[in-house]
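These notes are about the structure you will find just below.
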Amino acid sequence: MYAIIAVFDEKTEQIIKDIWKELKDLSISFYAYEVENRKPHITLASYMDINIAEYVRQMEVFYKDQESINVSLNSIGSFMNSGTLFFSPTVTKDLFELHSDHHKEFKQFNDDPSSLYLPDRWIPHCTIANRLSPEKLSEAFNYCSKRNNTLFAQIKEIALIDVSDKSKAPIIFTMELKK
């Protein structure tokens, strides 16, 4: 399995990593430490199987002139009955078009009609914790809602990751976006 992720600027990445560590230190969530080298991100697409070389070639062409995108993570949410807590960005025209244009360009790779990352199903989010009991979800929500205000972030790169192994999600290829 593979995913395309939107990666944040270093400052935002560090803030989210700090939150992950704080939740771990409080014994609320170990989400960030369940996968080796996990990076804070927003997932744009997922695939069961792809031709990596062909996909990377297409990424190099498609994303070479893509500019970085400013986003504000200003709400906290949860998927029902999931035990997942996330920061959600305001869906701006730029973010919506990034997602929509990606799916138009890479539609030949869409091999999972039930993917939650397809247009008309996508809920953009950056996972903070998951698989939490209702009590731990409440603790995580209370902690995160008081921890900081809106995060003003920048999507600075698009990465292809391999999520076949549940203990790691290595980056296969990344494209830095123009500033």
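In the stretch 123-147, which residues are among the hydrophobic types (A, V, I, L, M, F, W, C), over 17 Å from S27 (Cα atoms) and touching a strand residue (DSSP E or B) at 6+ places or on another chain (Cβ under 7 Å)? Don't jump to the end; show me each part of the working.
Looking only at the stretch 123-147, we keep the residues that are among the hydrophobic types (A, V, I, L, M, F, W, C), and these are 123, 126, 128-129, 132, 137, 140-141, 144.
Then drop every residue that is not over 17 Å from S27 (Cα atoms), which leaves 123, 126.
The one that is among the hydrophobic types (A, V, I, L, M, F, W, C), over 17 Å from S27 (Cα atoms) and touching a strand residue (DSSP E or B) at 6+ places or on another chain (Cβ under 7 Å): C126.
Taking only pairs six or more apart or across chains, which ones have beta-carbon atoms under 7 Å, a first residue in the stretch 61-82 that is touching a residue at least 60 places away in the same chain (Cβ under 8 Å), and a second residue that is surrounded by fewer than 16 Cβ atoms within 10 Å (Cβ to Cβ) and charged (D, E, K, R)?
Hits for this filter: D65/K178; Q66/K178; E67/K178; S68/K178; S68/K179; I69/D94.
Taking the stretch 95-125, which residues are more than 28 Å from I76 (Cα to Cα) and in a loop (DSSP other than H, G, I, E, B)? Before you say what the answer is, go through the steps one by one.
Step one: filter the stretch 95-125 for residues more than 28 Å from I76 (Cα to Cα), giving 104-111.
Hits for the stretch 95-125 are F106, N110, D111.
What is the residue count in the stretch 43-88 for residues that are assigned to a loop (DSSP other than H, G, I, E, B) and either buried (at least 16 other Cβ atoms within 10 Å of the Cβ) or not basic (K, R) (or both)?
Within the stretch 43-88, the subset assigned to a loop (DSSP other than H, G, I, E, B) is 48-51, 63-66, 68, 80-83.
Subset that is either buried (at least 16 other Cβ atoms within 10 Å of the Cβ) or not basic (K, R) (or both): 48-51, 63, 65-66, 68, 80-83.
So the count comes out to 12.
From the residues in the stretch 105-117 that are free of Cβ contacts under 8 Å to residues at least 60 places away in the same chain and of a type outside the set (G, A, S), which one is surrounded by the most Cβ atoms within 10 Å (Cβ to Cβ)?
The first filter runs over the stretch 105-117 and keeps only residues free of Cβ contacts under 8 Å to residues at least 60 places away in the same chain, leaving 105, 107-108, 113-114.
Next cut, of a type outside the set (G, A, S) only: 105, 107-108, 113.
Numbers: E105: 14, K107: 10, Q108: 11, P113: 7.
Among them, the one singled out is E105.
Residue by residue through the stretch 104-131, note down the ones that are touching a Ser or Thr at 6+ places or on another chain (Cβ under 6 Å) and among the aliphatic types (A, V, I, L, M).
Of everything in the stretch 104-131, just one residue is touching a Ser or Thr at 6+ places or on another chain (Cβ under 6 Å) and among the aliphatic types (A, V, I, L, M), namely A129.
Residue by residue through the stretch 1-32, note down the ones that are of a type in the set (D, E, K, R) and within 29 Å of M48 (Cα to Cα).
If the condition is that a residue be of a type in the set (D, E, K, R) and within 29 Å of M48 (Cα to Cα), then D9, E13, K17 are the ones that fit.
Could you tell me which numbered condition R57 fails, if it satisfies all but one of (1) on the phi < 0 side of the Ramachandran plot; (2) touching a residue at least 12 places away in the same chain (Cβ under 8 Å)?
All conditions pass for R57, except number (2).
Going by the conditions given, is A129 under 13 Å from A3 (Cβ atoms) and small (G, A, S)? Steps first, answer last, please.
Numbers: under 13 Å from A3 (Cβ atoms): no; small (G, A, S): yes.
Here the answer is no, as A129 does not meet what is asked.
Output the residue which, of all residues in the stretch 127-172 that are small (G, A, S) and in a loop (DSSP other than H, G, I, E, B), is surrounded by the most Cβ atoms within 10 Å (Cβ to Cβ).
Initial filter on the stretch 127-172 (small (G, A, S)): 129, 133, 138, 140, 145, 153, 159, 164, 167, 169.
With in a loop (DSSP other than H, G, I, E, B) added as a condition, the list becomes 133, 164, 167, 169.
Numbers: S133: 9, S164: 12, S167: 7, A169: 22.
Of everything passing the filter in the stretch 127-172, A169 is surrounded by the most Cβ atoms within 10 Å (Cβ to Cβ).
Among the residues of the stretch 2-17, is any in contact (Cβ under 8 Å) with a residue 60 or more places away in the chain, farther than 13 Å from V163 by Cβ, of a type in the set (G, A, S) and not in a loop (DSSP other than H, G, I, E, B)?
Scanning the stretch 2-17 turns up at least one residue that is in contact (Cβ under 8 Å) with a residue 60 or more places away in the chain, farther than 13 Å from V163 by Cβ, of a type in the set (G, A, S) and not in a loop (DSSP other than H, G, I, E, B).
Filter the stretch 20-35 down to the residues that are free of Cβ contacts under 8 Å to residues at least 24 places away in the same chain and over 15 Å from P134 (Cα atoms), then identify the one that is surrounded by the fewest Cβ atoms within 10 Å (Cβ to Cβ). Step through it out loud before you land on a result.
Here is the first cut: in the stretch 20-35, the ones free of Cβ contacts under 8 Å to residues at least 24 places away in the same chain are 21, 24-25, 27, 30, 32-33.
Add one more test, that the residue is over 15 Å from P134 (Cα atoms), and what stays is 21, 24-25, 30, 32-33.
Details: K21: 12, K24: 15, D25: 8, F30: 13, A32: 20, Y33: 12.
The qualifying residue surrounded by the fewest Cβ atoms within 10 Å (Cβ to Cβ) is D25.
Just the residues that are closer than 23 Å to E36 by Cα and touching a Phe, Trp or Tyr at 6+ places or on another chain (Cβ under 7 Å), please, taken from the stretch 122-155.
H125, C126, T127, I128, A129, N130, I155
Read-outs: derived from the displayed coordinates by stated rules, not from any lab. Everything numeric here is computed off the predicted structure, so don't read it as measured data. Cβ: placed from backbone, ideal geometry, glycine included. Neighbour counts: every protein chain shown.
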